[in-house]
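> Below you will find the structure I want to go over with you.
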Amino acid sequence: MLEVRKLTKVYDDGTVALKEVSFTVPDGEFLVIIGLSGSGKSTLLRCINRLIEPTSGQILWDGVDITAAGQEELRRIRRQIGMIFQQFNLVKRHTVLTNVLTGRLGYTSTWRSLLGLWSREDRARAMRNLELVGIADKAHNRADELSGGQQQRVGIARALMQEPKLLLADEPVASLDPATSHSVMKYIEWMNRERGLTVLCSLHFLSLARRYGTRIIALRAGELVFDGRPEEIDDRRFKEIYGDEAIEVEIR
Amino acid sequence: MERAERVPQPAPPNGRRLAPLLSLLFPGAGHIYAGRQERGLWIAVTAATLLTLLWWLKFWSLLPALVPFWLWNAWETRTIVQGRRPSTVKLVLSAAIIVYAIGWRVTEIDVQRLAAGAQKIRPFVVSLVRPYYVDREVTYAAFPAPVQVPCGEEPSPPPAGAGSGPTIVPTPACASVGETITVRGEGFPPNVEGELWWENPIGDRVRLRSGGEFVTFVADEQGTFEVKVTVPDVVPRQFQESAQLHTVEARYVRDVGPWRLTETSYLVAQRMGETIAQALMATTWGAIFAVPLSFFAARNLMQFHPLALLVYYLARTALNVLRAIEPLIMAIVFVVWVGLGPFAGVLALTMHSIAALGKLYSEAIESIDPGPIEAITATGANRVQVVWYAVLPQVLPPFVAFTVYRWDINVRMSTIIGFVGGGGIGFLLQQWIRLTDFRSASAAIWAIALVVTVLDFFSRKVRERFV
């Protein structure tokens, strides 16, 4: 269970990105975070694995306070949290296989990783995960030779390498076309249902949030303005989250 | 502040006429009167500075160049009291006229001298098209004929019998000192050029002159020539009283044998190699030291802790200070330190390469995509692993490109370093220029040009491949 308590983030320039956000995520949930650009979705996700240091508040994961963890402990926590990104964040000049293997860095000693001495199991695991996302044949291509959808699947394979218990997905389909979006979202859904991962996923499109989320929270200017089931978001709620000017667009 | 100034301010009731007049009296005065104190002050200070400069340098003839600025400032005052916005660009341009006029004077730009002095460098320019890479072996051929000085009782000896080779015949065959005789040559190689020498009875030789210039001859198509020479005053004291036989001699230099490489060519090749090696050493050592330094001097990697940020500032300052010192000055220091020679040059270039590469590398690191760093950090990797897997792959191509380019630059720089004793081809070039051996200097210059061109081509190829 993940518990976020009064999480606040104020950037150095004074921008308040999160204002005392509190919510709880039971294990196995597919939580979708929605909100306008700049509403604090990315900051919230990055605070959970402390890519961004929270200003105040607590994040408890199975009773362990992530916000209080020291460097070593933090790395042990991070390797159990997979993350995928809007821009995929692959190392473009490396091969697909190497990119996937970097998911094991948290479990590999420094000198072995500097020499590229990946263990036999890790290599096998990497190939398995690439097969899982359907791009095993691209294992030895350079990452930037792949299409956007394929690159995101490499990102998913990399996250799977960590054997995570929690998956953070920061707008995973915002750079993809609708058809590819669904294929990527289905992999995330599969991780949630078949592997039992808890998923925290930020999304732009409400239609996608409704389709995949088991629960939705909404941020507006850093504040939690909605927390409930997808079908509870009616027209009034929608305007609360996105503002009066907004019109809902559908992505199928 | 700037925005507030743009709002037209109401002119004082009588200001409309007075303000431009005040500005004409002294620039800026009208602005201040019309309520534009800051602008007025700037203009007044500028005008005062320019006037002081003219007074100090005694450049009174440049006063007319101030007129545009003076008039424009008055015109601008009128614009302001009418409530319109003045054009700063035009004001600055009008002030620039006087600045450029002063600059022209101070730097003593003189187009006439540029044209008049051109012929002084002719020997050098001529040598540039004849680099001294190859020459041929030469022979000196000398053809003597007797001359009696002065004419006396003793009969002139008969002229040497006409053999198969070249001969010369002086007419008349006797003369006194200071008299002119004609020397006629026959049977010389067509078009050959040569010199005329004189030998007295005790074997002293002088090259003949006419009006201060050496006498030369040029044979025609048939191999004949005729030259007038004056009998030189080289009669030894003990022979002053009697007539003696002297010798006039025609000499020419002839190229024989095959073309061969000159000593200069060997020297140029050897020292050019030294220069390339110097640049290679300096670039390699520079890169080895610059890589770790550059990571400390990259802001995006050093923001994780205040202490790290301090290291960043220290590294950056060190690089900047090091880069500010010209390699030429460093070379002078190292020549004192380790003595003349290529090692001093290597050290000087290394120091400069560390600074230049360190800065370029760190900027390359700062401009990388932060995404992969974020992703690798999120997997639980430690700092070393993050640098190895997310930073290095991104910075390697620019690093290689910068390094190869630096080698190219170092070759060019090491030629200059040689001028102050840092070894390499610059050392030779400097010597040849001082000895006015321009053909050898030209050989060195062409060699440098060739090597730099080849390296430039090579470094571009490498850069294209890696980006």
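> Going by what's in this entry, would residue B:422 be described as facing another protein chain (nearest Cβ under 8 Å) and open to solvent by less than 40 Å² (accessible area, probe 1.4 Å)?
Details: facing another protein chain (nearest Cβ under 8 Å): no; open to solvent by less than 40 Å² (accessible area, probe 1.4 Å): yes.
Answer is no for this residue.
> Another question, if that's okay. Can you name the residue in region A:171-188 that is within 14 Å of chain B (Cβ to nearest Cβ) and open to solvent by 10 Å² or more (accessible area, probe 1.4 Å) and, of all such residues, is farthest from residue A:32 (Cα to Cα)?
Step one: filter region A:171-188 for residues within 14 Å of chain B (Cβ to nearest Cβ), giving A:171-172, A:174-175.
With the extra rule that they be open to solvent by 10 Å² or more (accessible area, probe 1.4 Å), the set shrinks to A:171, A:174-175.
Details: A:171: 10, A:174: 14, A:175: 17 Å.
Only one residue fits best here, namely A:175.
> Would you pick out the residues in region A:189-203 that are crowded, with 19+ Cβ neighbours inside 10 Å and in contact (Cβ under 8 Å) with a residue 40 or more places away in the chain? So that I can check it myself, show each step before the final result.
At the first step, the residues of region A:189-203 found to be crowded, with 19+ Cβ neighbours inside 10 Å are A:191-192, A:197-203.
Across region A:189-203, the qualifying residues are A:192, A:197, A:198, A:199, A:200, A:201, A:202, A:203.
> Restricting attention to region B:46-53, does a residue exist that is among the polar types (S, T, N, Q) and surrounded by 15 or more Cβ atoms within 10 Å (Cβ to Cβ)?
We begin by selecting, within region B:46-53, every residue among the polar types (S, T, N, Q); these are B:46, B:49, B:52.
Now restrict to residues that are surrounded by 15 or more Cβ atoms within 10 Å (Cβ to Cβ): B:46.
The answer is yes, given that some residue of region B:46-53 is among the polar types (S, T, N, Q) and surrounded by 15 or more Cβ atoms within 10 Å (Cβ to Cβ).
> Filter region A:65-88 for residues that are farther than 16 Å from residue A:8 by Cβ and either open to solvent by 60 Å² or more (accessible area, probe 1.4 Å) or among the acidic types (Asp, Glu) (or both); which is nearest to the other protein chains (Cβ to nearest Cβ)? Talk me through it step by step, then tell me what you get.
Step one: of region A:65-88, the residues farther than 16 Å from residue A:8 by Cβ are A:69-88.
Filter once more, so that each one left must be either open to solvent by 60 Å² or more (accessible area, probe 1.4 Å) or among the acidic types (Asp, Glu) (or both): A:71-73, A:76, A:79, A:86-87.
Details: A:71: 8, A:72: 9, A:73: 11, A:76: 7, A:79: 3, A:86: 9, A:87: 5 Å.
The extreme case among them is A:79.
> Name the residues in region B:256-274 that are in a strand (DSSP E or B) and closer than 27 Å to residue B:433 by Cβ, would you? Don't jump to the end; show me each part of the working.
To start, the set of residues in region B:256-274 that are in a strand (DSSP E or B) comprises B:256-261.
Hits for region B:256-274 are B:259, B:260, B:261.
Yes/no per residue for (1) buried (at least 20 other Cβ atoms within 10 Å of the Cβ); (2) over 24 Å from residue A:118 (Cβ atoms):
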{"position": "B:337", "(1), (2)": "no, yes"}
{"position": "B:340", "(1), (2)": "no, yes"}
{"position": "B:345", "(1), (2)": "yes, yes"}
{"position": "B:382", "(1), (2)": "no, no"}
{"position": "B:389", "(1), (2)": "yes, no"}
{"position": "B:395", "(1), (2)": "yes, no"}
{"position": "B:403", "(1), (2)": "yes, yes"}
{"position": "B:426", "(1), (2)": "yes, yes"}
{"position": "B:429", "(1), (2)": "yes, yes"}
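> Taking region B:191-212 as the search range and keeping residues that are small (Gly, Ala, Ser) and open to solvent by less than 60 Å² (accessible area, probe 1.4 Å), which one is nearest to residue B:140 (Cα to Cα)? Before you say what the answer is, go through the steps one by one.
Going through region B:191-212, the residues small (Gly, Ala, Ser) turn out to be B:194, B:203, B:210-212.
If we keep only those that are open to solvent by less than 60 Å² (accessible area, probe 1.4 Å) as well, we get B:194, B:203, B:212.
Values: B:194: 10, B:203: 18, B:212: 24 Å.
Here the residue is B:194.
> Here's a check for you: in region A:201-230, which residue that is under 20 Å from residue A:28 (Cα atoms), charged (D, E, K, R) and part of a strand (DSSP E or B) is nearest to the chain's Cα centre (by Cα)?
Within region A:201-230, the match that is nearest to the chain's Cα centre (by Cα) is A:215.
> Could you check region B:349-467 for helices (runs of 4 or more DSSP H) lying wholly inside it with 3 or more residues that are assigned by TED's automatic domain parsing to the domain that holds residue B:275 and more than 30 Å from residue A:144 (Cβ to Cβ)? I'd like the intermediate steps shown before the answer.
On the way: elements: B:370-378, B:383-386, B:392-419, B:425-434, B:438-466.
Counting at least 3 such residues, we get B:392-419, B:425-434, B:438-466.
> Which residue, of A:61, A:111, is surrounded by fewer than 19 Cβ atoms within 10 Å (Cβ to Cβ) and hydrophobic (A, V, I, L, M, F, W, C)? Give the derivation first.
Details: A:61 fails: surrounded by fewer than 19 Cβ atoms within 10 Å (Cβ to Cβ).
Criteria check complete, one pass: A:111.
> Looking at region A:152-163, I want the residues that are within 11 Å of chain B (Cβ to nearest Cβ) and have a partner that is surrounded by 24 or more Cβ atoms within 10 Å (Cβ to Cβ) and of a type in the set (Ser, Thr, Tyr) with Cβ atoms under 9 Å, at least 6 apart or on another chain. Which pairs are those?
So the pair list comes out as A:158/A:102; A:158/B:379; A:159/B:379; A:161/A:102; A:161/B:379; A:162/B:379.
> Can you find, within region A:41-58, the residue that is nearest to the other protein chains (Cβ to nearest Cβ) among those that are surrounded by 20 or more Cβ atoms within 10 Å (Cβ to Cβ) and among the charged types (D, E, K, R)?
So, considering only residues that are surrounded by 20 or more Cβ atoms within 10 Å (Cβ to Cβ) and among the charged types (D, E, K, R), the one nearest to the other protein chains (Cβ to nearest Cβ) is A:46.
> Answer with yes or no whether residue A:91 is over 16 Å from the mean Cα position of the chain (by Cα), crowded, with 22+ Cβ neighbours inside 10 Å and in contact (Cβ under 8 Å) with a residue 12 or more places away in the chain.
Details: over 16 Å from the mean Cα position of the chain (by Cα): yes; crowded, with 22+ Cβ neighbours inside 10 Å: yes; in contact (Cβ under 8 Å) with a residue 12 or more places away in the chain: yes.
Judged against the criteria, residue A:91 is a match.
Residues are listed down the side, and each one gets a yes or a no for (1) more than 10 Å from the chain's Cα centre (by Cα); (2) in a helix (DSSP H, G or I):
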| site | (1), (2) |
| --- | --- |
| A:164 | yes, no |
| A:167 | no, no |
| A:173 | yes, no |
| A:192 | yes, yes |
| A:199 | no, no |
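> Another question, if that's okay. Residue under question is residue A:142, and the condition is that it be more than 8 Å from chain B (Cβ to nearest Cβ), surrounded by fewer than 16 Cβ atoms within 10 Å (Cβ to Cβ), more than 27 Å from residue A:2 (Cα to Cα) and modelled with pLDDT of 90 or more; does it hold?
Working: more than 8 Å from chain B (Cβ to nearest Cβ): yes; surrounded by fewer than 16 Cβ atoms within 10 Å (Cβ to Cβ): no; more than 27 Å from residue A:2 (Cα to Cα): yes; modelled with pLDDT of 90 or more: yes.
Considered against the rule, which asks whether it is more than 8 Å from chain B (Cβ to nearest Cβ), surrounded by fewer than 16 Cβ atoms within 10 Å (Cβ to Cβ), more than 27 Å from residue A:2 (Cα to Cα) and modelled with pLDDT of 90 or more, residue A:142 comes out as no.
The values are calculated or read from the model by the stated rules, or taken from the named source; none is laboratory data. Since we're looking at a predicted model, the values are computed, not measured. Positions of Cβ are generated from backbone atoms using ideal geometry, with glycine treated the same way; all protein chains shown enter the neighbour counts. Heads up: the accessible areas ignore ligands, DNA and RNA and are worked out on the full protein's heavy atoms, side chains in. Shrake-Rupley method; radii C 1.70, N 1.55, O 1.52, S 1.80 Å.
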